[in-house]
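Asker: Before anything else, here's the structure in question.
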Amino acid sequence: MRTAVVAGGGIGGLAAAAALAARGWTVRVLERAPEFTEVGAGISLWPNALRALDVLGVGDRVRERAVPEAEIGVRAASGRWLMRTDVSELIRRYGPLVMIHRADLLAVLREAAGGADLVPSTEVAEVRAVPDGVEAVHTGGVTRADLVVGADGIRSAVRRSLWPGARPPRYAGYTAWRLLTRPAEPVHVGGETWGRGDRFGMAPLADGRVYCYAAAGVPPGGHSPDGELAELRRRFGAWHDPIPALLESASPESVLRHDIEELPPLKTFVRGRAVLLGDAAHAMTPNMGQGACQALEDEVTLAALLDTRSTVEEALAAYDSIRRPRAQRIARQSRLAGAPAQWSLLPAVVLRDTLTRLVPGSLTLRAMAPVLSWTPPA
């Protein structure tokens, strides 16, 4: 019986646990939080992620809890559209795109991982190689396994343990706010709005709530003296509808603030019989909505390779050669895609908005192909 320890019970960790358990592995998931859940945010699942979820056998359940994204584009603070993506054509070329609450996605994955041993309130402190295996040292003791999967996020203990020389996460130059709100009038529009050094995005969810996010170029580690919601209302309260109404209907306790960080590229995602996936391997900025999508690609690829290679070591070597170039390329693209949105100098903003209006929609769709046309390994 092959055994695996998965560090981290988020999207990537539970997906990996579900995939391995379905293939006959004995899996133990160690999650440092007291519960396997998520709060406070929505998430876009692009066609590549939905294909991965279909391989996992949960794609239909996710779609039942999600809502199709009907509008993608960028507006100015006045409300004028700078760019709109033809969603029907995107779906025709690449497949559906949906928005779901993170807690709902995690609930589906937690159910799919029912064949694994899910252990909350247990933090991995160290991972070390042993003869014919690997050990995870954690708050509950020591667990020996044939494989350790590091899915424990951007501040991964697995990465810190086995990649001691790796550079730490770095601040991307802007801070984000996230919130869920239920406005008095239904909201059916989505997309992102760009200002001068700040931006605001919104997406309706299946239950009538709206997921909102914002970003601004401010020093890291800060906070708003009179509260984060007051900060958002100052920054965005005069922007186009329905942004003011969304902020007026929000509650202060619903607003989450965090600095956007990314992980400098690693030279390998593998050490012996330990492997990194998701943010632990390639944490990226959220500008392309691909963070969780790439984690799902990771787990599907890893599970397939463990099925088709003779040894764990061969499977992990193949995983590294397949996943690292793609994930790191998308991370670079995401960083570049977000830079213009944060420009604040007026001449640069005018130039950005003008050029954005001139980009043909067909070109935007073609540019998405390398990311969205991904198909799972056989």
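A short reminder: the numbers here are calculations on the coordinates, not readings from a lab. This one's a predicted model, so the numbers in the text were calculated from it and none came from an experiment. Reconstructed Cβ throughout: ideal geometry from the backbone, glycine too, with neighbour counts over all protein chains shown.
Asker: Of the residues A238, A203, which is more than 26 Å from R329 (Cα to Cα) and part of a strand (DSSP E or B)?
Answerer: A203
Asker: Would you pick out the residues in segment 108-138 that are free of Cβ contacts under 8 Å to residues at least 40 places away in the same chain and aliphatic (A, V, I, L, M)?
Answerer: Matches in segment 108-138: A125, V130, V137.
Asker: Can you go through L229, L316 and tell me which one is in contact with a Pro (Cβ under 6 Å, 6 or more places away or on another chain) and either assigned to a helix (DSSP H, G or I) or among the small types (G, A, S) (or both)?
Answerer: None of the others qualify; the one that does is L229.
Asker: Being surrounded by fewer than 18 Cβ atoms within 10 Å (Cβ to Cβ) and of a type in the set (A, V, I, L, M, F, W, C) is the filter here; which residues of segment 198-216 pass it?
Answerer: A206
Asker: For the condition surrounded by 14 or more Cβ atoms within 10 Å (Cβ to Cβ), within 18 Å of V74 (Cβ to Cβ) and not charged (D, E, K, R), what is the one hit in T301, T364?
Answerer: After ruling out the rest, the residue left standing is T364.
Asker: For L336, which of the numbered conditions (1) closer than 24 Å to T193 by Cα; (2) free of Cβ contacts under 8 Å to residues at least 24 places away in the same chain; (3) more than 24 Å from the chain's Cα centre (by Cα) fails to hold?
Answerer: All conditions are met except number (3).
Asker: Another question about this same structure. So which residues in segment 173-193 are assigned to a strand (DSSP E or B) and more than 20 Å from the chain's Cα centre (by Cα), if there are any at all?
Answerer: Step one: of segment 173-193, the residues assigned to a strand (DSSP E or B) are 173-181, 191-193.
Residues satisfying the conditions are T181, T193.
Asker: Would a scan of segment 39-60 turn up a residue that is outside any strand (DSSP E or B), at negative phi and touching a His at 6+ places or on another chain (Cβ under 8 Å)?
Answerer: Restricting attention to segment 39-60, the residues satisfying the condition of being outside any strand (DSSP E or B) are 39-41, 46-60.
If we keep only those that are at negative phi as well, we get 39, 41, 46-56, 58-60.
Next cut, touching a His at 6+ places or on another chain (Cβ under 8 Å) only: 41.
Scanning segment 39-60, I find at least one residue that is outside any strand (DSSP E or B), at negative phi and touching a His at 6+ places or on another chain (Cβ under 8 Å), so the answer is yes.
Asker: Among the residues of segment 77-89, is any over 18 Å from the mean Cα position of the chain (by Cα), of a type in the set (S, T, N, Q) and assigned to a loop (DSSP other than H, G, I, E, B)? Write out each step before concluding.
Answerer: Taking segment 77-89 as the starting set, the residues that turn out to be over 18 Å from the mean Cα position of the chain (by Cα) are 77-89.
With of a type in the set (S, T, N, Q) added as a condition, the list becomes 78, 85, 88.
Now narrow it down to the ones that are assigned to a loop (DSSP other than H, G, I, E, B): 78.
Yes, because at least one residue in segment 77-89 is over 18 Å from the mean Cα position of the chain (by Cα), of a type in the set (S, T, N, Q) and assigned to a loop (DSSP other than H, G, I, E, B).
Asker: Considering only segment 123-133, I want to know if a residue exists there that is more than 30 Å from V349 (Cα to Cα), of a type in the set (V, I, T) and crowded, with 20+ Cβ neighbours inside 10 Å.
Answerer: Taking every residue of segment 123-133 in turn, at least one turns out to be more than 30 Å from V349 (Cα to Cα), of a type in the set (V, I, T) and crowded, with 20+ Cβ neighbours inside 10 Å.
Asker: Related question: Tell me, which residue of segment 61-76 that is part of a loop (DSSP other than H, G, I, E, B) and of a type in the set (D, E) is farthest from V300 (Cα to Cα)? Before the answer, list the steps.
Answerer: Step one: of segment 61-76, the residues part of a loop (DSSP other than H, G, I, E, B) are 66, 69-71.
If we keep only those that are of a type in the set (D, E) too, we end up with 69, 71.
Values: E69: 24, E71: 29 Å.
Filtering segment 61-76 for residues that are part of a loop (DSSP other than H, G, I, E, B) and of a type in the set (D, E), the one farthest from V300 (Cα to Cα) comes out as E71.
Asker: What number goes with the only condition from (1) out of contact with any strand residue (DSSP E or B) (no Cβ under 7 Å at 6 or more places or on another chain); (2) crowded, with 23+ Cβ neighbours inside 10 Å; (3) in contact (Cβ under 8 Å) with a residue 40 or more places away in the chain that F269 does not pass?
Answerer: With respect to (1) out of contact with any strand residue (DSSP E or B) (no Cβ under 7 Å at 6 or more places or on another chain); (2) crowded, with 23+ Cβ neighbours inside 10 Å; (3) in contact (Cβ under 8 Å) with a residue 40 or more places away in the chain, F269 is out only on (1).
Asker: Do we have any residue at all in segment 289-296 that's among the polar types (S, T, N, Q), surrounded by fewer than 20 Cβ atoms within 10 Å (Cβ to Cβ), touching a residue at least 40 places away in the same chain (Cβ under 8 Å) and closer than 30 Å to W81 by Cβ?
Answerer: No.
Asker: So in segment 339-353, with the set limited to residues that are surrounded by fewer than 16 Cβ atoms within 10 Å (Cβ to Cβ) and either among the aliphatic types (A, V, I, L, M) or part of a helix (DSSP H, G or I) (or both), which one is nearest to the chain's Cα centre (by Cα)?
Answerer: A339
Asker: A further question follows. E69 versus (1) more than 27 Å from S254 (Cβ to Cβ); (2) buried (at least 20 other Cβ atoms within 10 Å of the Cβ); (3) not aliphatic (A, V, I, L, M): which is the lone unmet condition?
Answerer: (1)
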